[in-house]
Amino acid sequence: MAEINFWDAETDDLILTADIRRNDSVMEVAVRAGVEGIIAECGGSMSCGTCHVYAAPEESALFEEKDSSEDEMLAEIENCAANSRLSCQMILVQAEGTANVRVPAAP
């Protein structure tokens, strides 16, 4: 089983660590664990952007790749950066490992 660390993007403090299974999205894990800042208003249909996180490039091999529709949605989000991802689209493809995401303050 893999695990994921959620970090506060502003303070760099560890919020919490949670187990994540292959084919789980980071958003699903965050909502189950009650990670503040991951609102997931649309439930994962990629229409609200309230599950925005930052992921280090070296973490990308753990998750499905970002596609153009995710890029289009991210372009509408305040504080979007090159390493921004929608956590609803970050589906774990590895069975083991540790991932790290940084959670910006809630919009």
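The values are calculated or read from the model by the stated rules, or taken from the named source; none is laboratory data. For clarity, every value in this text was computed on a predicted model and none was experimentally measured. Quick reminder, even Gly has a Cβ in these numbers, built from the backbone with ideal geometry, and neighbours come from all protein chains shown. Only protein heavy atoms, including side chains, enter the accessible area calculation; ligands, DNA and RNA are left aside. Shrake-Rupley method; radii C 1.70, N 1.55, O 1.52, S 1.80 Å.
Filter the stretch 74-96 down to the residues that are over 21 Å from residue 12 (Cβ atoms) and either open to solvent by less than 30 Å² (accessible area, probe 1.4 Å) or in a strand (DSSP E or B) (or both) and list them by number. It would help to see each step written out before you state the result.
In the first step, residues of the stretch 74-96 are kept if they are over 21 Å from residue 12 (Cβ atoms); the result is 74-76, 86, 88-89, 91-96.
Selection gives 74, 86, 88, 91, 92.
For the stretch 1-16: of the residues being closer than 24 Å to residue 79 by Cα and part of a strand (DSSP E or B), which is most open to solvent (accessible area, probe 1.4 Å)?
Filtering the stretch 1-16 down to residues closer than 24 Å to residue 79 by Cα leaves 4-16.
From the residues that got through so far, the ones that are part of a strand (DSSP E or B) too are 4-8, 14-16.
Numbers: 4: 0, 5: 22, 6: 0, 7: 62, 8: 47, 14: 86, 15: 70, 16: 43 Å².
Result: 14.
Hey, among 35, 53, which residue is touching a residue at least 40 places away in the same chain (Cβ under 8 Å), outside any helix (DSSP H, G or I), touching a helix residue (DSSP H, G or I) at 6+ places or on another chain (Cβ under 6 Å) and not basic (Lys, Arg)? Give the derivation first.
Values: 35 fails: touching a helix residue (DSSP H, G or I) at 6+ places or on another chain (Cβ under 6 Å).
Every option except 53 fails the conditions.
Outside any strand (DSSP E or B) and open to solvent by 80 Å² or more (accessible area, probe 1.4 Å): which single residue out of 41, 28 fits that description?
Values: 28 fails: open to solvent by 80 Å² or more (accessible area, probe 1.4 Å).
Sole residue among the options that is outside any strand (DSSP E or B) and open to solvent by 80 Å² or more (accessible area, probe 1.4 Å): 41.
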